[in-house]
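Encoded as structure tokens, the structure appears first; notes follow it.
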Amino acid sequence: MTSITHANMTNAWRRWAARLGLMLLIGQLLVGCASQTIGHPAGPRPEPEHAQPPSATSRFAPLEATIAEKYGPDRSGFNLLERSDRAVLWRLALIDSATQSIDLQYYVWFGDTLGRLVMDRVIKAADRGVKVRILFDDLSTMLHDMSHMELRDALMARIDHHPNIHIRVFNPWNDRSLIGRGLDMLSDFPRLNRRMHNKQMVVDNRVAIIGGRNLAQEYFGLSPEFNFHDLDVIGVGPVARQASQVFDRYWNSDWVRPIPKPAEVPGMPVDTELSRSAIEELMKHPSLVALGASRTDWSPQIEELSTLLVPGSSQVHTDSPVRDAKTRNHMPDAIRALIRSAKSELLITNAYFIPDQHFMADLQELIGRGVKVRILTNSLASHDVPAVNAHYEVWREPLLEAGVDLHELRPDADMRHELAEVAPLQARFIGLHTKSMVIDRQRAFIGSMNLDPRSEVLNSEMGVIVDSPPLAEKLAERMSRDMEGANSWQVVRGTDGKLVWRSNAGELSTQPVRHFGQRIQNLFFKAFPVELY
């Protein structure tokens, strides 16, 4: 494992240093690469494969039948996964309860506590005969966690060697060595800058989890440094088939290749991070013990789920997997249509938020006809990517002038212990990673798309729009709670006309930070093009 940064640096500064180096490289490349055409990954395209039909023997088949009988065959049942502990447990429950198939599509799947826990359970499901397909962005093959690089082709190839597991990677680097990947970035930057940001899991083609969480410990309350406040939704019914169609579209794309196999791959070595002894040690993690993560019978939880689901119809949206310059992303148009449909209220929670003139024009039109607009995003103090804040902050005053009720997350938010951390762990701070909307308390959006240039143009994204007043009302209540003074600052104009940040802890006249270094980072990243973010 190769550390990106010096061992004596704090985790926060390690993340900043890593991004600083990357941004410096990208900045140097922009001019030289801007005119290059975007090609496809090298190597043969894999044979097409498609999802299996919904399993008649699935543990979730009776639950889907009940929903269809009560509300109609086009309705699914939905439940929000906001708390980190529930987000962990329901992923384990679905994997452990699968009888036929598991499809997983993720931008990031690290080799940390959460990533190893989930992979171990996936392998055990495959041992039972469950067919598993794993599709992740090729970034996952060179990152052990948020702060450390580690080439992971050999481990992934060993997992792929299992007869019931197939792994493919999206938009892979051609040269698999660390130096080779760096040279690929120099020669093929326009292609490699385009990544798959989708996040979903589908089990037995009956149940799906869609949302914002990557498979890494900071998204599930297991990081001692910081954790994200994030959101997924679990859906049982037709929404699973909609999600499955998205998976197949990417799985069979010309931008996907089989996991590279460096050599003849034997079984799992005894010293691997997924060996029996390594997993036994992993399960001693205090938070996993507190969760009861070692259980494998989820019958009580599945029975309880029937009382938690609320009915709704759904549309799962995604961008084309084609990442060339001629292909326009679909998600920005879908989100814009959803925003413009608001008649009385628009609630937005979005972690990485950089508006543009089109977005501002839409908000002004909505507010002009009486729609109340409330937005929560990261503050500089809660941000894990200060470069985004550097380009967002110039929009604070225009947002307030338009009439937006603007809030920014506090890193010490009161709700962090309940929602973003898994006891007994307590991290230094929390950040926002949620991407959600509520329209008129009737419809809700939950997905992977940030409101920034990268999500609009460079990345592929996905999300689900659910027409369900009960779900929308629940999400609206939780979004409103996050905007309270105990959890966020409200950005307003003071008596002198200047911006102030108000919370139940008082009022600040300059934007909040955790440490002075964030102000330096914020200033530094203004020098880089907004299109990067």
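How many of the residues making up segment 38-92 are of a type in the set (A, V, I, L, M) and more than 30 Å from R323 (Cβ to Cβ)?
Total satisfying the criteria: 10.
Give the residues of segment 484-500 that are in contact (Cβ under 8 Å) with a residue 40 or more places away in the chain and open to solvent by 10 Å² or more (accessible area, probe 1.4 Å), sorted by residue number. Show your work before the answer.
Residues of segment 484-500 in contact (Cβ under 8 Å) with a residue 40 or more places away in the chain: 486-493, 499.
Within segment 484-500, A486, W489, Q490, V492, R493, L499 qualify.
Checking the conditions here, which among R478, R502 is at pLDDT 95 or above and more than 26 Å from the chain's Cα centre (by Cα)? Steps first, answer last, please.
Numbers: R478 fails: more than 26 Å from the chain's Cα centre (by Cα).
Going through R478, R502 in turn, just one is at pLDDT 95 or above and more than 26 Å from the chain's Cα centre (by Cα): R502.
Of the residues D230, D204, D248, D297, only one is open to solvent by 20 Å² or more (accessible area, probe 1.4 Å), under 23 Å from the mean Cα position of the chain (by Cα) and among the acidic types (D, E); which? Explain how you work it out, then say what you get.
Values: D230 fails: open to solvent by 20 Å² or more (accessible area, probe 1.4 Å); D204 fails: open to solvent by 20 Å² or more (accessible area, probe 1.4 Å); D297 fails: under 23 Å from the mean Cα position of the chain (by Cα).
After applying the criteria, what remains is D248.
Output the number of residues of segment 415-426 satisfying the condition of being closer than 13 Å to D482 by Cβ and open to solvent by 30 Å² or more (accessible area, probe 1.4 Å). Quick ask: steps written out before the conclusion?
From segment 415-426, those closer than 13 Å to D482 by Cβ are 415-416, 418-420; that's our starting set.
Adding the requirement that they be open to solvent by 30 Å² or more (accessible area, probe 1.4 Å) leaves 416, 418.
Looking only at that region, the number is 2.
Can you pull out the residues in segment 382-429 that are among the small types (G, A, S) and within 23 Å of R369 (Cβ to Cβ)? I'd like the intermediate steps shown before the answer.
Of the residues in segment 382-429, the ones among the small types (G, A, S) are 382, 387, 390, 402-403, 413, 420, 423, 427.
Correct list: A402, G403.
Just one of the numbered conditions (1) at pLDDT 95 or above; (2) farther than 22 Å from R116 by Cβ is not true of L222; which one?
For L222, the failing item is (2).
Go through (1) at pLDDT 95 or above; (2) closer than 26 Å to S223 by Cα; (3) of a type outside the set (A, V, I, L, M, F, W, C); (4) open to solvent by less than 20 Å² (accessible area, probe 1.4 Å) for R152 and report which single condition fails.
(1)
Please state which of the following conditions N522 fails to meet, knowing it meets all the rest: (1) over 26 Å from I210 (Cα atoms); (2) open to solvent by 20 Å² or more (accessible area, probe 1.4 Å); (3) touching a residue at least 40 places away in the same chain (Cβ under 8 Å); (4) not small (G, A, S).
Every listed condition holds for N522 apart from (2).
Yes/no matrix, rows are residues, columns are (1) part of a helix (DSSP H, G or I); (2) under 30 Å from D412 (Cα atoms); (3) modelled with pLDDT of 95 or more; (4) of a type in the set (A, V, I, L, M):
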{"site": "G182", "(1), (2), (3), (4)": "yes, no, no, no"}
{"site": "M185", "(1), (2), (3), (4)": "yes, no, no, yes"}
{"site": "F228", "(1), (2), (3), (4)": "no, yes, yes, no"}
{"site": "D248", "(1), (2), (3), (4)": "yes, no, yes, no"}
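Determine whether V239 is at pLDDT 95 or above, out of contact with any Asp or Glu (no Cβ under 9 Å at 6 or more places or on another chain) and within 19 Å of I159 (Cβ to Cβ).
Judged against the criteria, V239 is not a match.
Considering every residue within segment 276-289, establish whether at least one is surrounded by fewer than 17 Cβ atoms within 10 Å (Cβ to Cβ), at pLDDT below 95 and not charged (D, E, K, R).
Taking every residue of segment 276-289 in turn, at least one turns out to be surrounded by fewer than 17 Cβ atoms within 10 Å (Cβ to Cβ), at pLDDT below 95 and not charged (D, E, K, R).
Could you check segment 427-456 and list, in sequence order, the residues that are in contact (Cβ under 8 Å) with a residue 40 or more places away in the chain, touching a helix residue (DSSP H, G or I) at 6+ places or on another chain (Cβ under 7 Å) and open to solvent by 50 Å² or more (accessible area, probe 1.4 Å)?
R441, R443, E456, listed by residue number.
Please go through segment 412-444 and give me each residue that is touching a His at 6+ places or on another chain (Cβ under 9 Å) and either farther than 15 Å from L347 by Cα or among the basic types (K, R) (or both), ordered by number. So that I can check it myself, show each step before the final result.
Kept after step one, since they are touching a His at 6+ places or on another chain (Cβ under 9 Å), are these residues of segment 412-444: 413, 415-416, 419-420, 423, 425-426, 430-434.
Hits for segment 412-444 are A413, M415, R416, L419, A420, A423, L425, Q426, I430, G431, L432, H433.
Listed residues E507, E477, E473; which is open to solvent by 30 Å² or more (accessible area, probe 1.4 Å) and touching a Phe, Trp or Tyr at 6+ places or on another chain (Cβ under 8 Å)? Give the derivation first.
Numbers: E477 fails: touching a Phe, Trp or Tyr at 6+ places or on another chain (Cβ under 8 Å); E473 fails: touching a Phe, Trp or Tyr at 6+ places or on another chain (Cβ under 8 Å).
It is E507.
Determine the pairs where a residue that is touching a residue at least 40 places away in the same chain (Cβ under 8 Å), located within segment 131-148, has a partner that is acidic (D, E) with Cβ atoms under 8 Å apart, the partner being 6 or more residues away or on another chain.
Between residues of segment 131-148 that are touching a residue at least 40 places away in the same chain (Cβ under 8 Å) and residues that are acidic (D, E), the close pairs are R133/E49; R133/D103; L135/D103; T141/D153; H144/D112; H144/E150; D145/D112; M146/E218.
The values are calculated or read from the model by the stated rules, or taken from the named source; none is laboratory data. Keep in mind that what you see is a predicted model, and the values were worked out from it rather than measured. Ideal geometry is used to build each Cβ from the backbone, glycine not excepted, and the neighbour counts take in all protein chains shown. Keep in mind that these areas ignore ligands, DNA and RNA; they rest on the heavy atoms of the full protein, side chains included. Shrake-Rupley method; radii C 1.70, N 1.55, O 1.52, S 1.80 Å.
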